[in-house]
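Undergrad: Structure in structure tokens, see below.
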Amino acid sequence: MPSATLLGQALISGVLAGGLYGLLAMGLSLSWGLLRLVNLSHFALAFLAAYLVYELGTSYHVAPWWSAAMIVPAMFGIGVAQHWLFDKFRVNELASLLITFSFAVILEVGIQLYWTADFRRYETEYSTKSIKAGAFFIPVLDLTLCIVAGLLAWGTWLWLRRTYVGKALRAAAEDPGIAAAYGVDHKRLAYLLSGIGAGYAGIAGTFIALIATLAPAEIWAYLGVVFAVVIIGRLGNPLGALLAGLLIGASESLAMAVLAPAWAPVVSFSVLIVILLWDPEWL
Amino acid sequence: MNAARDLPRLGAVLAIGAMALLPMARLPAFYDSFLYLVFFWISLSTSWALLSGFAGYFSLGHAAFFGLGVYVTADLTTKFGWPFLATLPVAAALPALLALGIGAIVFRLRRLRGELFALLTLSVTFVIATIILNTPIDGGGGIFMSAVPLPDLMPTPTGTIYLLGFVLCVITLLIAWKVVHSRLGMGLFAIHDDEDVAEAKGVPTLRYKLTAFALSAGIAGAVGGVHAMYVGFITTSGIFELTVPLYVVLMSVLGGARSWFGPAIGATVITTLLYAFISGGEAMVGRAIVAVILISAILWLPEGFVPAVKQWLARHRRAPARAPLAEVAPVVPAARPVSDTVLLQVRGATKRFGGLQALGGVDLDVRQGEILGLVGPNGSGKTTLINVVSGFYPLTSGSVSVAGVEIGHLPAHEIARRGVARTYQIPRPFVNMTVLENVVLAATFGMEDSSPFRWGGGASPLSHFVRKWPIRDGGVMDDSSDAAHDPSVGVKRRHLPRRRGRKASEIRDEALHWIGFTGLAGKEDVLPAGLNLHERKFLELARALAARPKLLLLDEVLSGLNPAEVDNAIRLVRAIRAQGATIVFVEHLMRAVVELSDRVAVLNEGRLFALGAPRDVMRDPRVVSIYLGKAYAA
């Protein structure tokens with residue numbers, strides 16, 4: 001059994017890593033829960049954003065936040081364009097899964113053709129910085145990510161709960177016909193939501209560029225875990241997605257510390273399978 | 001058997017034989033391995049379609065079963081010294097068992113349909129890959145197969161692998177063909193369209209899904225076993241790849257996942273395309289092109305290539321001359337009086353949904369041959385009572401018995417087989433099946449004449465009527481061998497869907513009879529989308545009647561019909577009763593309730609409120625007050 005300090009450090013880094021899961025899960029959860037579209041290309045969009053941040057940073061020395069300020073609106077546009085296609089062909093949930101899977105493959109191929117299959121690492125002055133709290137180290141970037149994810153999740157949650165647009169979106173997700181009868185313009189809102197979801201992919205991508213090592217095949221590395229997070233956090237609930245992300249991150253990290261790093265994937269899926277079978281009220 | 005029919009079959013056998021012996025021609029190894037890959041993908045995509053295409057449970061976990069098969073063969077040959085061929089049955093059996101295990105848990109959850117099933121199976125793949133990687137099954141270093149001897153079935157090793165791949169491919173296609181042409185396939189297609197209705201019509205949905213899942217996984221495992229020898233060096237990252245589920249889904253969807261040979265066509269096209277790019281050194285571009293094809297296929301050919309061609313052919317071909325309808329026996333008016341025997345007995349039936357009590361201890365007896373009208377205000381529990389009797393909802397407490405046999409806790413398909421049929425207030429036809437296929441399904445899976453729970457009177461009250469028209473082969477309606485229960489046995493014996501010793505042609509005649517009886521003649525080949533509400537309601541009736549029920553539960557058959565159609569429907573219900581069926585019907589239209597019912601039961605707030613002759617009940621001030629308020633009760 002590892003020492004308490006090690007476990008504590010594992011817990012902290014797990015929770016922080018879970019922030020990225022949560023951030024990636026939010027966009028997916030919104031489009032799946034509120035638009036009934038499963039967007040597998042979300043991961044590829046995030047990686048496209050990450051590569052762009054990397055490229056702008058290494059070749060043109062653009063600071064990451066300026067890159068993000070350019071990339072996120074562009075992602076919003078991609079999200080809107082994607083939804084235009086789904087809308088035009090009246091794509092259902094299952095078809096959206098297959099189509100966005102194909103989008104992801106195409107983006108992966110594009111990324112690989114331009115940036116090659118080599119691993120890329122974007123080193124910045126923040127990469128190694130961390131805060132020391134007692135016996136534990138807290139990396140600054142991971143902490144920032146968690147704070148940003150928390151603010152986004154909280155903001156989006158409030159937006160869906162409190163504003164007319166948010167309530168209209170939730171109503172339309174329950175029953176588009178009835179919502180339309182009450183004057184909800186579901187289609188316009190769907191474009192907005194799809195754009196926001198893709199925008200989140202842009203934000204997540206910025207952090208992926210700063211924190212992780214980039215390779216085209218890494219697109220698929222997050223797929224399974226993040227889907228588990230989306231389902232555990234409850235579809236369409238951004239706050240739930242973030243909390244589930246933190247939970248999964250922490251349990252993975254603890255499993256790595258106690259067992260062996262290679263066992264980590266089993267954790268998230270076992271949690272998912274157990275929760276699906278348990279079928280609790282809040283799911 | 002005449003020669004004209006045997007000729008194509010003979011040709012097929014000869015062609016298969018020639019294909020099997022192709023390696024004898026000592027073609028360059030390139031051809032052997034290219035064709036092996038085609039067979040490999042045909043087997044995988046066809047096996048995937050058995051569950052996911054036919055029954056609509058999309059699995060993204062095919063790599064789990066395939067990969068397990070790969071590792072079974074790899075481990076048994078290299079670590080335990082088994083001969084290669086002897087490992088293949090195990091490579092098939094373990095994945096099949098795994099599928100049964102997953103299915104036994106997952107298929108019981110109603111909410112785990114669609115994308116959740118897809119993602120759950122995907123998760124299983126990751127879990128299995130991780131376990132294999134971290135245990136001595138792989139150990140992290142991969143497994144070399146080069147020392148494993150390959151049997152000399154063919155002059156060259158690639159030839160031997162070709163032959164094994166080909167044999168598996170033929171077996172897979174045969175299984176798919178037999179499934180499509182059996183009760184199992186019919187049931188799976190019904191599950192695809194509407195699982196609850198399939199269950200209510202007597203399809204043992206859980207068992208069928210498990211059978212399809214196990215077959216699908218077993219084939220994938222056997223294919224994996226052979227593939228272990230083809231690959232030579234096995235790693236978890238190479239075997240549990242996302243490309244396996246991607247390509248399998250793509251090939252099946254492109255070719256047509258609801259057809260037995262659609263996946264094979266999709267697999268051949270895609271494999272050829274991929275191979276062309278890989279040999280040109282453009283593997284990445286190849287993947288992108290496959291992705292573009294998938295997008296285009298889903299947007300423009302959502303049903304797949306084979307169904308699209310079939311529809312096109314059907315449109316450009318004149319409808320074949322149909323055999324004349326079976327003679328409709330004249331309706332004998334009310335020949336069977338209401339007897340004193342109680343057919344349906346409900347005692348203390350209680351149903352709660354969380355805190356909401358929909359039924360609070362209902363006691364009700366329905367006599368044989370009776371028409372009982374079930375009325376009450378909205379939310380009084382009428383439809384819930386129908387749902388409980390037909391087994392759609394399990395009872396919270398209480399009991400329901402039909403002809404003395406307790407059915408309250410049986411699954412819905414068992415209740416259907418014991419002679420209870422129902423209709424739905426909002427018609428729920430199987431949307432991808434024609435009118436005829438809808439009714440044939442109900443006739444195939446409906447009441448069992450020779451059920452071990454044979455009730456006092458013997459055969460269904462409707463069966464004397466059915467027997468009036470000619471039955472070929474001396475009318476073999478009973479077949480009490482229990483083996484006939486088993487769908488797989490049915491698959492082995494005959495190609496055509498059959499029901500307990502009855503021929504497909506008999507079932508078809510019977511279905512045509514009920515289609516004529518409900519006035520839908522001429523619409524046999526129409527899809528439900530082409531029917532108006534009135535016709536859809538009558539299709540509901542035809543399906544219920546084709547099951548030859550003892551007890552017929554009608555849920556608002558008249559709602560939404562115009563006055564002329566209502567008259568028509570009332571005549572039809574009378575005619576059904578004249579055959580001796582017992583009918584419980586929920587209705588809001590008082591004219592129909594009074595005209596049809598022998599007795600009327602009034603439900604209010606989940607309890608039996610009044611029971612008696614229609615006119616008496618309708619004049620009861622208490623009944624008037626719950627409908628119209630106290631002011632009108634005087």
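The values are calculated or read from the model by the stated rules, or taken from the named source; none is laboratory data. It should be emphasised that the depicted structure is a prediction, and the values quoted were computed from it without experimental measurement. Cβ sites come from the backbone with ideal geometry, for glycine too, and all protein chains shown count toward neighbours.
Undergrad: Might you check whether a residue that is buried (at least 24 other Cβ atoms within 10 Å of the Cβ) and in contact with a Pro (Cβ under 6 Å, 6 or more places away or on another chain) occurs anywhere in the range B:256-268?
TA: Scanning the range B:256-268, I find at least one residue that is buried (at least 24 other Cβ atoms within 10 Å of the Cβ) and in contact with a Pro (Cβ under 6 Å, 6 or more places away or on another chain), so the answer is yes.
Undergrad: Given the options A:Ser41, A:Ser29, A:Ser13, A:Ser96, name the one that is surrounded by 24 or more Cβ atoms within 10 Å (Cβ to Cβ), touching a Ser or Thr at 6+ places or on another chain (Cβ under 6 Å) and touching a residue at least 40 places away in the same chain (Cβ under 8 Å). Spell out the reasoning first.
TA: Details: A:Ser29 fails: touching a Ser or Thr at 6+ places or on another chain (Cβ under 6 Å); A:Ser13 fails: surrounded by 24 or more Cβ atoms within 10 Å (Cβ to Cβ); A:Ser96 fails: touching a Ser or Thr at 6+ places or on another chain (Cβ under 6 Å).
Result of the check over A:Ser41, A:Ser29, A:Ser13, A:Ser96: A:Ser41.
Undergrad: Filter the range B:578-616 for residues that are part of a helix (DSSP H, G or I) and surrounded by 17 or more Cβ atoms within 10 Å (Cβ to Cβ) and give the result. Spell out how you get there, then give the answer.
TA: Step one: of the range B:578-616, the residues part of a helix (DSSP H, G or I) are B:578, B:590-596, B:614-616.
B:Ala592, B:Val593, B:Leu596, B:Pro614, listed by residue number.
Undergrad: What are the pairs, 6+ residues apart or on separate chains, where a residue within the range B:279-293 that is under 18 Å from B:Met251 (Cβ atoms) has its Cβ under 6 Å from a residue that is modelled with pLDDT under 80 and assigned to a helix (DSSP H, G or I)?
TA: These pairs meet every condition: B:Gly286/B:Leu274; B:Gly286/B:Phe277.
Undergrad: Tally the residues that are under 30 Å from B:Phe189 (Cβ atoms) and either crowded, with 20+ Cβ neighbours inside 10 Å or modelled with pLDDT under 80 (or both), restricting the search to the range B:273-294.
TA: Counting residues in the range B:273-294 that are under 30 Å from B:Phe189 (Cβ atoms) and either crowded, with 20+ Cβ neighbours inside 10 Å or modelled with pLDDT under 80 (or both) gives 3.
Undergrad: Same structure again: Criterion first (surrounded by fewer than 17 Cβ atoms within 10 Å (Cβ to Cβ), more than 29 Å from B:Tyr57 (Cα to Cα), aliphatic (A, V, I, L, M) and within 12 Å of another protein chain (Cβ to nearest Cβ)) does A:Ala81 satisfy it? Don't jump to the end; show me each part of the working.
TA: On the way: surrounded by fewer than 17 Cβ atoms within 10 Å (Cβ to Cβ): yes; more than 29 Å from B:Tyr57 (Cα to Cα): yes; aliphatic (A, V, I, L, M): yes; within 12 Å of another protein chain (Cβ to nearest Cβ): no.
So A:Ala81 fails the test.
Undergrad: While we're looking at this one, here's another question. Looking at the range A:223-236 only, could you name the residues that are away from chain B (no Cβ under 12 Å) and either of a type in the set (Ser, Thr, Tyr) or over 14 Å from A:Ile275 (Cβ atoms) (or both)? Reasoning before the result, please.
TA: Of all residues in the range A:223-236, those away from chain B (no Cβ under 12 Å) come to A:233-234, A:236.
Across the range A:223-236, the qualifying residue is only A:Gly236.
Undergrad: Answer yes if at least one residue in the range A:57-66 is surrounded by 20 or more Cβ atoms within 10 Å (Cβ to Cβ), among the hydroxyl-bearing types (Ser, Thr, Tyr), assigned to a helix (DSSP H, G or I) and touching a residue at least 60 places away in the same chain (Cβ under 8 Å), and no otherwise.
TA: The answer is no; no qualifying residue exists.
Undergrad: A follow-up question, please. Do we find a residue being of a type in the set (Asp, Glu) and over 18 Å from A:Val80 (Cα atoms) anywhere in the range A:176-199? Quick ask: steps written out before the conclusion?
TA: In the first step, residues of the range A:176-199 are kept if they are of a type in the set (Asp, Glu); the result is A:185.
Remaining after also requiring over 18 Å from A:Val80 (Cα atoms): none.
No; the residues of the range A:176-199 include none that is of a type in the set (Asp, Glu) and over 18 Å from A:Val80 (Cα atoms).
Conditions (1) over 20 Å from the mean Cα position of the chain (by Cα); (2) modelled with pLDDT under 90, marked per residue:
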| position | (1), (2) |
| --- | --- |
| B:Phe84 | yes, no |
| B:Thr87 | yes, no |
| B:Val90 | yes, no |
| B:Ala93 | yes, no |
| B:Leu97 | yes, no |
| B:Leu100 | no, no |
| B:Ile105 | no, yes |
| B:Arg108 | no, yes |
| B:Glu115 | no, yes |
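Undergrad: Restricting attention to the range B:230-246, report how many residues are away from every other protein chain (no Cβ under 11 Å) and among the hydroxyl-bearing types (Ser, Thr, Tyr).
TA: Result for the range B:230-246: 2.
Undergrad: Shifting gears a bit: Looking at A:Ile231, A:Ile219, A:Ile208, can you tell me which residue is β-branched (Val, Ile, Thr), modelled with pLDDT of 90 or more, part of a helix (DSSP H, G or I) and buried (at least 21 other Cβ atoms within 10 Å of the Cβ)?
TA: Numbers: A:Ile231 fails: modelled with pLDDT of 90 or more; A:Ile219 fails: modelled with pLDDT of 90 or more.
After applying the criteria, what remains is A:Ile208.
Undergrad: If I ask for residues that are buried (at least 20 other Cβ atoms within 10 Å of the Cβ) and either farther than 20 Å from B:Leu133 by Cα or within 14 Å of chain B (Cβ to nearest Cβ) (or both), which ones from the range A:244-263 would you list?
TA: Hits for the range A:244-263 are A:Ala244, A:Gly245, A:Leu246, A:Leu247, A:Ile248, A:Gly249, A:Ala250, A:Glu252, A:Ala255.
Undergrad: Does the range A:35-51 contain at least one residue that is at pLDDT 90 or above, of a type outside the set (A, V, I, L, M) and in contact with a strand residue (DSSP E or B) (Cβ under 8 Å, 6 or more places away or on another chain)?
TA: yes
Undergrad: Can you say whether A:Ser102 is among the hydroxyl-bearing types (Ser, Thr, Tyr) and closer than 14 Å to A:Tyr191 by Cα, as far as the supplied structure shows? Steps first, please.
TA: Values: among the hydroxyl-bearing types (Ser, Thr, Tyr): yes; closer than 14 Å to A:Tyr191 by Cα: no.
Against the criterion (among the hydroxyl-bearing types (Ser, Thr, Tyr) and closer than 14 Å to A:Tyr191 by Cα), A:Ser102 does not qualify.
Undergrad: Separate question: Looking only at residues that are part of a helix (DSSP H, G or I) and away from chain B (no Cβ under 14 Å) in the range A:107-145, which one is surrounded by the fewest Cβ atoms within 10 Å (Cβ to Cβ)?
TA: First, the residues of the range A:107-145 that are part of a helix (DSSP H, G or I): A:107-115, A:140-145.
Narrowing the set further to residues that are away from chain B (no Cβ under 14 Å) leaves A:140-145.
On the way: A:Val140: 13, A:Leu141: 18, A:Asp142: 21, A:Leu143: 16, A:Thr144: 16, A:Leu145: 24.
Ranking the candidates gives A:Val140 first.
Undergrad: To continue, here is another question. Just to check your reading of the model, which residue among B:Phe107, B:Phe144, B:Phe65, B:Phe54 is of a type in the set (Phe, Trp, Tyr), more than 11 Å from every other protein chain (Cβ to nearest Cβ) and over 23 Å from B:Leu210 (Cβ atoms)? Spell out the reasoning first.
TA: Values: B:Phe107 fails: over 23 Å from B:Leu210 (Cβ atoms); B:Phe65 fails: over 23 Å from B:Leu210 (Cβ atoms); B:Phe54 fails: over 23 Å from B:Leu210 (Cβ atoms).
So the residue among B:Phe107, B:Phe144, B:Phe65, B:Phe54 that is of a type in the set (Phe, Trp, Tyr), more than 11 Å from every other protein chain (Cβ to nearest Cβ) and over 23 Å from B:Leu210 (Cβ atoms) is B:Phe144.
Undergrad: On the basis of being within 26 Å of B:Leu51 (Cβ to Cβ), within 14 Å of chain A (Cβ to nearest Cβ) and buried (at least 21 other Cβ atoms within 10 Å of the Cβ), does B:Leu250 make the cut? Working first, answer last.
TA: Details: within 26 Å of B:Leu51 (Cβ to Cβ): yes; within 14 Å of chain A (Cβ to nearest Cβ): yes; buried (at least 21 other Cβ atoms within 10 Å of the Cβ): yes.
In short, yes.
Undergrad: In the range A:192-219, what residues are in contact with an Asp or Glu (Cβ under 8 Å, 6 or more places away or on another chain) and either within 14 Å of chain B (Cβ to nearest Cβ) or of a type in the set (Ser, Thr, Tyr) (or both)? Give the steps one after another, and end with the answer.
TA: Of all residues in the range A:192-219, those in contact with an Asp or Glu (Cβ under 8 Å, 6 or more places away or on another chain) come to A:211-212, A:215-217, A:219.
A:Ala215, A:Pro216, A:Ala217, A:Ile219, listed by residue number.
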